[in-house]
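The values are calculated or read from the model by the stated rules, or taken from the named source; none is laboratory data. Here the structure is a predicted model, which means the values were calculated and not measured. Don't worry about glycine lacking a Cβ; one is built from the backbone with ideal geometry, like all the others, and counts go over all protein chains shown.
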Amino acid sequence: MAELRAVYEAIWGVQLDAANFRRSLVGEDGWVIPTGRTARPGPGGGRPAELYRAGRTWQHAAPIHRLQRNR
């Protein structure tokens, strides 16, 4: 999820809140599907990240749309 968030941040040029980004994807059916596996823990320790795969909805639209800010 962190890697996908980094892609959105790089393209949009903004920093996204990690919890809200995850909630946006996991909260809607069909965007991401848990694999039941976790990533290897990094050198800093902590809880291993849950791994997901893309759901079928990705074929039809993007899960998160950039908000237009008033200038």
Quiz item: Of everything in the stretch 10-33 that's within 11 Å of the chain's Cα centre (by Cα) and among the charged types (D, E, K, R), which residue is farthest from Leu51 (Cα to Cα)?
Solution: Asp17
Quiz item: Among the residues of the stretch 18-33, is any surrounded by 11 or more Cβ atoms within 10 Å (Cβ to Cβ), assigned to a strand (DSSP E or B) and modelled with pLDDT of 80 or more?
Solution: yes
Self-check item: Residue identified as at pLDDT 85 or above and surrounded by 11 or more Cβ atoms within 10 Å (Cβ to Cβ) among Gly55, Gly13
Solution: Gly55
Self-check item: Single unsatisfied condition, Gly42 versus (1) modelled with pLDDT of 90 or more; (2) part of a loop (DSSP other than H, G, I, E, B)
Solution: (1)
